[in-house]
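J.: Next up is a structure, given as structure tokens.
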């Protein structure tokens, strides 16, 4: 029975389920039903991805295919799972408000697009999916009646550069790959092309902004489109820019007065660290980046979930004053603390080992670059505790709404704790699998540079 | 029947595992929203501390009986790839056993004190979760035989300390002070992290014996020397300076007194404040590998002692006075380390930690006794001018008094010269970003 079950086309089912879900949810009239169905489809998608993961053999690294276009390899297997979990967390944290109706459909659409992006093997389809994912929030901003032009301009530039560069790939010349890299740096929110990220979090609902920020489309695109073809000098320059971004994002996160903007800069800094590891294109750096990708996505999704739940109960909070929410929701405070510390790779959490590896790999190139990473990590860490103190300490407020965490939220918090600390205490399986994926990617790069 | 070395290892694991078990017990209860009763917390604490203390005494006795000088406990590999090897390894030697015994004895004393002192206090459970976190961090740091393991424990101690400073969280000032301390801790932790990675690169692993040789403490001598150890030494000194509140990071120590008295006693009077000295003792051969590093250590220690003496003489509350008195002794211990007196520094550290803990715990009742005495005699207790006041001319004394009262304006100096300019710069940059987006939005403000 087990063999028969594993032989079912789980990958195809996992790819189709969110699309089907989006269609059904968009036609559902009741808001409560939309939310329930969205979560149901995301949970089913998670189950399918778990089966795909169980069926993948890391030893032989034999790919699981769905047609000729979609394929799961050592890189993409855990990413499917991670993305489903991040979408599920966003779904659980999304409140049932009238303006959020579109969020449930968009969430399932985003899940479908990201899964297709991760598994897609066709260059043009990947470019199309990256573009589609980037444009999805524009519709949401329009529906909310918010300003969307600046965001649209940035994304138009992203798509333009990507299409222009992609049209000439693969190429012995440097400029097509440089164009693609510029586009993907923009998509990753690299300084000075990052302002769209804060705008996105301000103008779209977190239910729309979070999946886009946490899908790490820029990192994925860099691995698929740039890493195999880019020369050393291009990668070196880009790595310097990502380091600057990591520090800049950390410093900005430290001074923000709104939780959404704080979160956007934290995302910017952390994703720049991931990209920095990819651009290092060494075995240790790439292994670290692939591990960090997973840990950062999960931790930031958890942190975003807490901020979302807090916002749902108390509205937009200013980080200029203390709100004293610990007494009302200690579980949320605890969750904020461990997901926040995990997102900045605190010891004992899932991100600690990857950061050590990343700094080690970077320091092999230059001590100063390693120090810049440590500085960025330090700034992010200070920023996290600052926000914790602002939100959860201070004079207790008189509640107007039900404050304790719901049953679903409690389950999400416990699962997050298990992932964050489980991955921190037993990092070896994860690091080993990412090491294999990194070696495979580096072999591809070496092969593409052969005469 | 387990043999001698297996019993030794089991006791070693018990020393290490006891606080981890306590942390898991308290942590899971907090995660599932279960409030443990005061009796259950007290019992769990007692069992853990007695187990850990007896196990560590057992390890010490067995090491001495076997005429060995250290026991290395290899727990396993945390991460192993073709480029990176991260071992979980602990060492029981004179230094680590002394510190771990001190930890268990003082945590036992303060644990017993706290269960009564914090009776019916809101946040009783939270205090003991953080207490367990601190205990775990201290034991891991003390026993660590790899720099990465030490870093893990070091960070846990820092986090627990900061959250305990902000324990009375319905007031904003404990949170603000906790945040200030966190900033200093993060600076020194970043230096320690860099030191850990750099040491890994330098000696091919994070094990102390790869850097210091496979000889028990205190007879280590560095295997790697030259300009590399100079940089490594400086990074370790920055880390130690932050944790032990040496100049110019001394401003955080009186701020840390916002926490409950038991945590002030154990963290800032006894264990946490000495961690910097402990780190310098652990890597003392690296410090002594060049002429410059010991000089820096001695100067830092002496400056700290001088600063603490002047500032401590002008304080008007008992906890601040005690914190500066502790800092004065820490400064002297650091000088001793810089001069190469490793055993003397260790003995000084152990004695001072015990004395200061008892002083901190006695402080609230001492004030009560003073009040009783003053009520009985119907006037304030007579105050005599101190030695400093008698020997210095009034203008010089006034300058020093102002310096001491303002704690040397160290915090203000760091804040005005480093923090505020950067904060203003990034706030302006945010404004520029907002204007740029408004411009792209066709002048429609956000």
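J.: Which whole number gives the average, over all residues in B:80-90, of C-beta atoms from other chains lying within 10 Å of the residue C-beta?
T.: Values: counts 4, 13, 5, 11, 11, 0, 7, 0, 0, 0, 0.
Per-residue shielding by partner chains comes out at 5.
J.: What order do you get for A:26, A:443 when you list them from fewest to most C-beta neighbours inside 10 Å? Write out the running numbers ahead of the final one.
T.: On the way: A:26 15, A:443 10.
Neighbour counts put them in this order, fewest first: A:443, A:26.
J.: Here is a follow-up. What is the fewest-to-most order of B:139, A:219 by other Cβ atoms lying within 10 Å of their Cβ? Before the final figure, lay out the partial values.
T.: Details: B:139 28, A:219 25.
Listing B:139, A:219 from fewest to most nearby Cβ atoms yields A:219, B:139.
J.: Per DSSP helix of 4 or more residues, -39500 (n - 2.57); summed, then divided by the residues of chain B. What does that give at 222 nm, rounded to the nearest 500?
T.: Details: 18 runs with 311 residues, N = 446.
Here the helix-only value at 222 nm equals -23500 deg cm²/dmol.
J.: From the helices alone, meaning DSSP H stretches of at least four residues, give me the mean residue ellipticity at 222 nm for chain A, per-run term -39500 (n - 2.57), in deg cm²/dmol to the nearest 500.
T.: On the way: 19 runs with 332 residues, N = 451.
Taken over chain A, the calculation gives -25000 deg cm²/dmol.
J.: Across peptide A:368-375, what mean number of C-beta atoms from other chains lies inside 10 Å of a residue's C-beta? Kindly include the intermediate steps, with their values, before the conclusion.
T.: Values: counts 0, 0, 5, 7, 0, 4, 7, 3.
Taking the mean over all residues of the peptide, I get 3.
J.: Right, something else. Can you bin the range A:301-378 into rounded, prolate or oblate? Criterion: square roots of the alpha carbon gyration tensor eigenvalues sorted a ≥ b ≥ c, rounded for a/c under 1.5, prolate for a/b above b/c, oblate for the rest.
T.: On the way: a/c = 3.49, a/b = 2.42, b/c = 1.44.
The shape class here is prolate.
J.: From other protein chains only, count the Cβ atoms within 10 Å of every residue's Cβ in A:378-389, then give the mean. Show your work: numbers first, answer last.
T.: Working: counts 9, 2, 1, 8, 6, 0, 1, 11, 4, 0, 6, 11.
For this peptide, the per-residue mean of nearby foreign Cβ atoms is 5.
J.: Another one. Roughly how many whole Å is it from the C-alpha centroid of the range B:73-121 to that of the range A:4-64?
T.: First find each Cα centre; the distance between them is then 45 Å.
J.: Using a Förster distance of 30 Å, how high is the FRET efficiency between residue A:47 and residue B:20, based on the Cβ-Cβ distance and rounded to 0.05? Could you put the intermediate results ahead of the total?
T.: Values: r = 34 Å, r/R0 = 1.12.
Once the sixth-power term is evaluated, E becomes 0.35.
J.: Just to be sure I understand the model, the point goes 7 Å from the Cα along the line to the Cβ. What's the resulting residue B:355 to residue A:63 distance in nm?
T.: Between residue B:355 and residue A:63, the label points sit 7.2 nm apart.
J.: Here's another thing I want to ask about it. How far is it, in nm, from the label point at residue B:339 to the one at residue A:144 when both lie 7 Å from their Cα along the line to the Cβ?
T.: 6.5
J.: In whole Å, what is the distance between the alpha-carbon centres of the range A:185-262 and the range A:304-331?
T.: Cα centres, the range A:185-262 to the range A:304-331: 25 Å.
J.: Just want to confirm a number: the relative contact order over chain B, from Cα pairs under 8 angstrom separated by 6+ residues, in percent.
T.: On the way: 593 pairs, mean separation 51.8, N = 446.
Value for chain B: 12 percent.
J.: Starting from the Cα gyration tensor of chain B, take the square roots of the eigenvalues, sort them a ≥ b ≥ c, and report rounded, prolate or oblate (rounded when a/c is under 1.5, otherwise prolate if a/b is larger than b/c, else oblate). Please list the in-between numbers first.
T.: On the way: a/c = 1.28, a/b = 1.15, b/c = 1.12.
Here chain B falls in the rounded category.
J.: Still on this structure, please answer the following. Please state the shape class of chain A: rounded when a/c is under 1.5, otherwise prolate if a/b exceeds b/c and oblate if not, all from the C-alpha gyration tensor. Intermediate results must be reported in sequence, preceding the final value.
T.: Numbers: a/c = 1.43, a/b = 1.21, b/c = 1.18.
Taking the square roots of the gyration eigenvalues as a ≥ b ≥ c, chain A is rounded.
J.: Here's something else I'd like to know. Can you give the relative contact order of the range A:297-451 as a percent, counting alpha carbon pairs under 8 Å and 6+ residues apart? The partial results should precede the final answer.
T.: Numbers: 150 pairs, mean separation 53.9, N = 155.
The value is 35 percent.
J.: Normalised by the residues of the range B:1-105, what does the relative contact order come to in percent, with Cα pairs under 8 Å and at least six apart?
T.: Computed value for the range B:1-105: 26 percent relative contact order.
J.: Fewest first, what order do A:34, B:284, A:366, A:60 take by the number of other Cβ atoms within 10 Å?
T.: On the way: A:34 22, B:284 26, A:366 12, A:60 7.
Ascending Cβ contact count within 10 Å gives the list A:60, A:366, A:34, B:284.
J.: Between the alpha-carbon centers of the range B:294-316 and the range A:339-386, tell me the distance in whole angstrom.
T.: 32
J.: Between residue B:438 and residue B:66, with labels modelled 7 Å along Cα→Cβ, what's the label distance in nm to one decimal, could you check?
T.: Roughly 7.3 nm, to one decimal.
Every number here is computed from the coordinates shown, using simple stated rules; none is lab data. Just so we're clear, the structure is a prediction, and the values are computed from it rather than from any experiment. Every residue, glycine as well, gets a Cβ built from its backbone with ideal geometry; the counts of neighbours run over all protein chains shown.
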